[in-house]
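Read through the structure below, which is laid out as structure tokens, and then see the notes.
The values are calculated or read from the model by the stated rules, or taken from the named source; none is laboratory data. Bear in mind the structure is a predicted one, so any value in this text is a computation, not a measurement. Note that we place each Cβ from the backbone using ideal geometry, even for glycine, and neighbour counts take in every protein chain shown. Protein only, heavy atoms only, side chains kept; ligands, DNA and RNA dropped before computing areas. Shrake-Rupley method; radii C 1.70, N 1.55, O 1.52, S 1.80 Å.
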Amino acid sequence: MKKEKKKIFVIVGAVVACLAVVYVGFGIFFQSHFCFGTTIDGIKADGKSVEKVEQLITEEIDSYVLNLAEREDGSESISGESIQIAPIFNGEVEELLNGQNGFAWVVTLFKHDNLELAKVVTFDEDALDSQIDQLNCMQASEQREPVDATVSAYTADGYSLVPADYGTTIDKNTFKKAVEDSILVLADELDLDEADCYVKPEIEDDNEKLLAVIDEMNSYVGTTITYDFDVAKEVLDGERISEWLSVDDDFNVSVDDEALSAYVKAMAKNYNTAYGNRTLDTSYGQTVTIYGGNYGWWVDNAAEKEMILEDLKAGKDVTREPVYSQTANSHGENDYGNTYVEINLTAQHLFFYKNGSLVVESDFVSGNLAKNHGTPSGSFGVTYKA
């Protein structure tokens, strides 16, 4: 029994000794070689010496090509040979090796190191400038200027965003720096969009002021003002309102004052009755035309313009009458209704009708024509009664 235990101890001891030798051996080896799983700028460096890594980097540089991913599915490349690319090693690879702990090689079996060199190549800048200038994407005929995002024309659905055209014009300085940075780290590809190499439109699709002005304009044209004239209705809607709107360079919405004034003036002309002519079925059985006089409906143009602007800013549908500076008894053919005073200057006689019934009938004496104090003819409102 004791002999069997002794054998076990001897075997275990031998295994431990072997493992120790292996551990120390690899630890010593990794003092001059990179540990398991190590990559340097994408090159597998595990188990390799500084010299071997530098050799691999040199071989990669000799066949190096930078691929350019351009807009609208364009693609071109710049070869290392065309710009006289060459490796430079100033002890950076050796510094990376010295920075690793060779005796921690067991850890690297599970956790790999992906190392990068700050700069491993040099190239001819004049040759690079020449290569860049020869690229298809740099030719003026192939570059399309960016166009700002803007507001669409009015449609039945209102206004919408017209997306910016981002174009294909390249910012040469930004592009050159991105190319240089890619070459210095031997990047395989440069995406010009991701590197912001293109000239951007001044107003992009997500411009907050632009989106806000579209909302504001839609609020305006989303307003419907229905004028109720009792015997008729007139609707001011988005189609007409859109003709008045404009936007300046600072995204301020304005309403064309001249067009708005013209609309109010035309509407007032259609419905104003003051200073107009009327017919009257007289008490003598005749139908006569009464010319002139200030009685009747009269739209206050200035006040109505202000009310329209307020309605547009509120962005709500409203039904209302225009703002009047003067009103009459009713709308329709005879706006004086059925309560009025009929005065016959020839007969010097008057009739007062209330709700269609004759209430008072009387002779009267009108103004003195000899003294230019004659009573004017026409339709007038009653100033006062006594």
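Data for the structure
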| item | result |
| --- | --- |
| Considering only the chain, percent of DSSP beta bridges that pair antiparallel, nearest 5 | 80 |
| Vicinal HN-Hα couplings computed from phi for the range 102-114 (Karplus, 6.51 cos²θ - 1.76 cosθ + 1.60; Hz; Gly/Pro x) | x, 7, 9, 4, 4, 4, 5, 5, 10, 10, 8, 9, 10 |
| In nm, spacing of pseudo-spin labels at Gln139 and Asp250 (7 Å Cα→C-beta vector) | 4.5 |
| Cβ-placed point charges (K, R +1; D, E -1), dipole of the range 165-239 about Cα centre in debye, nearest 20 | 320 |
| Residue-span extension gain [Lys371 to Asp300] - 0.36 nm each, minus C-alpha spacing | 22.0 nm |
| Heavy-atom accessible area per residue - the chain, 1.4 Å, Å² | 61 |
| Dipole of the chain, positive direction: furthest Cα of Tyr263, Thr169, Val288, with charges on the beta-carbon | Val288 |
| Contact order relative to length of the chain, as percent, for alpha carbon pairs under 8 angstrom and 6 or more apart | 10 |
| Shape call, the range 85-167: gyration tensor on alpha carbons, a/c limit 1.5 | oblate |
| Among (i) 21.4; (ii) 31.4; (iii) 23.9, the entry that matches Kirkwood radius over Cα pairs in Å as calculated here | (ii) |
| Normalised contact order of the range 50-115, rounded percent, pairs of Cα under 8 Å and 6 or more residues apart | 29 |
| In Hz, Karplus ³J(HN,Hα) per residue of the range 206-223 (6.51, -1.76, 1.60; θ = phi - 60°; x = Gly, Pro) | 9, 4, 5, 5, 5, 5, 5, 6, 5, 4, 5, 5, 5, 5, 4, 6, x, 8 |
| Anchor Lys111: aspartates and glutamates whose Cα lies under 15 Å away (excluding residues fewer than 8 positions away in-chain) | Asp46 |
| Value of relative contact order over the range 245-386, rounded to a whole percent, pairs C-alpha under 8 Å and six or more apart | 18 |
| Global geometry of the range 119-250, whether rounded, prolate or oblate, following the gyration tensor of its Cα atoms and the 1.5 cut on a/c | prolate |
| FRET efficiency, 1/(1 + (r/R0)^6) with R0 45 Å, evaluated for Glu81 and Gln31 via beta carbons | 0.75 |
| Estimated 222 nm signal from helices in the chain, with DSSP H stretches of n ≥ 4 weighted -39500 (n - 2.57), rounded to 500 | -10000 deg cm²/dmol |
| Accessible-area value, Asp157, 1.4 Å probe, nucleic acids and ligands omitted, Å² | 140 |
| Ordering of 368-377, 120-129 by burial proxy (mean other Cβ atoms within 10 Å per residue, highest first) | 120-129, 368-377 |
